[in-house]
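The values are calculated or read from the model by the stated rules, or taken from the named source; none is laboratory data. Every value quoted in this text rests on a predicted model; they were computed, and no experiment measured them. Virtual Cβ from ideal backbone geometry, glycine too; neighbours counted across all protein chains shown. Accessible surface areas use protein heavy atoms only, side chains included; no ligands, DNA or RNA. Shrake-Rupley method; radii C 1.70, N 1.55, O 1.52, S 1.80 Å.
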Amino acid sequence: EIPLAGVFNAIFGLIIYPSAGLQKGKFRDFLALTTLHTMACEAAGLFIGAVAPNSDVALSLFPAIVVLNIIFDGRNISEENTPKLLKWIPKLSLIRWGFEGLSVNEFNGLTFSTDGPLRGPVVRTGNEALARFGMDTTKLSDVIGAQSKIIGACWFLSFLGLSFFSDKFESMAAP
């Protein structure tokens, strides 16, 4: 499944990357990040399917989990304002790590033209833009590590879910 995800992400990247006018020297990292993000999302879906008793329950759990990932991505509710009992959710947010990884990849080392009329605060570099979102200290290795941990945890929990919650069948005896 991993090579197939890589092929589809390469096709996606070959179309989107030049269309969006992203930096030419960072295409390989873009492909790696999108492939890793795809794998993390697939692992989360596998985990939901493994612990749900049937497909109807899995399909009803999925929107709630996606909404939690969106709300607690660190942009809608800042980590400082997150209730203490829920502080762990932003660290597991698939949307947060995907967004941060692609943002850091694109904006690090980028400079903007500030010619023309200035309307409001202007950033001159990509690092200043990242600082406004609180991502100035985030490195690609942080994102890769976080998504790799999410993948590993989801795969392990999927294994446990399938081991403990799956249907058990009688072994066939030889005639």
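Would you mind getting me the FRET efficiency between SER113 and LEU14? Use the beta-carbon distance for r and R0 = 25 Å, nearest 0.05.
Calculated transfer efficiency: 0.35.
State to the nearest 20 debye the size of the charge dipole of the chain about its Cα centre, where the only charges are +1 on K and R beta carbons and -1 on D and E beta carbons.
Dipole about the Cα centre, nearest 20: 420 debye.
Taking each pair of different alpha-carbon atoms in region 71-175 once, compute 1/r for the pair, average those values, and report the inverse of that mean as the Kirkwood hydrodynamic radius in Å to one decimal.
Evaluated over region 71-175, this radius sits at 17.2 Å.
Applying 1/(1 + (r/R0)^6) with R0 = 22 Å to the Cβ-Cβ distance of ASP142 and PHE164, what FRET efficiency is obtained, to the nearest 0.05?
0.10
Sort 124-132, 156-164, 103-111 by packing, meaning the average of other beta carbons within 10 Å per residue, with the highest value first.
The packing order, highest mean first, is 103-111, 124-132, 156-164.
How high is the relative contact order of region 43-175? Use alpha-carbon pairs under 8 Å, at least six apart in sequence, and give a whole percent.
32 percent
Show the residues, 5+ positions off or on another chain, whose built amide H is closer than 5 Å to the amide H of THR125.
PHE112
Determine the relative contact order of region 67-134: mean sequence separation of Cα pairs under 8 Å and six or more apart, normalised by residue count, in whole percent.
Averaging sequence separation for qualifying contacts and normalising by length gives 26 percent for region 67-134.
Bin width 10 Å, origin at 0, all Cα-Cα pairs of the chain: what percent of pairs per bin?
Going out from 0 Å in 10 Å bins, the chain shows 9, 28, 32, 19, 8, 3, 1, 0, 0 percent.
Near LYS24, which lysines are there with a Cα under 25 Å away, not counting those fewer than 8 places off in the same chain?
Qualifying lysines at Cα under 25 Å: LYS139.
Mind telling me which of PRO53, PRO117, PRO90 comes out most flexible in a GNM of the chain, alpha-carbon contacts under 10 Å?
Checking each option, the largest mean-square fluctuation is seen for PRO117.
With a 1.4 Å probe and every protein chain left in place, work out the accessible area per residue of the chain in Å², rounded to a whole number.
Solvent-accessible surface per residue comes out at 66 Å².
Would you mind telling me the share, in percent, of accessible area of the chain contributed by carbon and sulfur at probe 1.4 angstrom?
Carbon and sulfur: 68 percent of the exposed surface of the chain.
Considering only protein heavy atoms, what is the solvent-accessible area of LYS149 at a probe of 1.4 Å, reported in Å² to the nearest 10?
Approximately 150 Å² for this residue.
Among ASP56, ASP115, ASP73, which one shows the highest mean-square fluctuation when the chain is modelled as a Gaussian network with alpha-carbon springs under 10 Å?
ASP115
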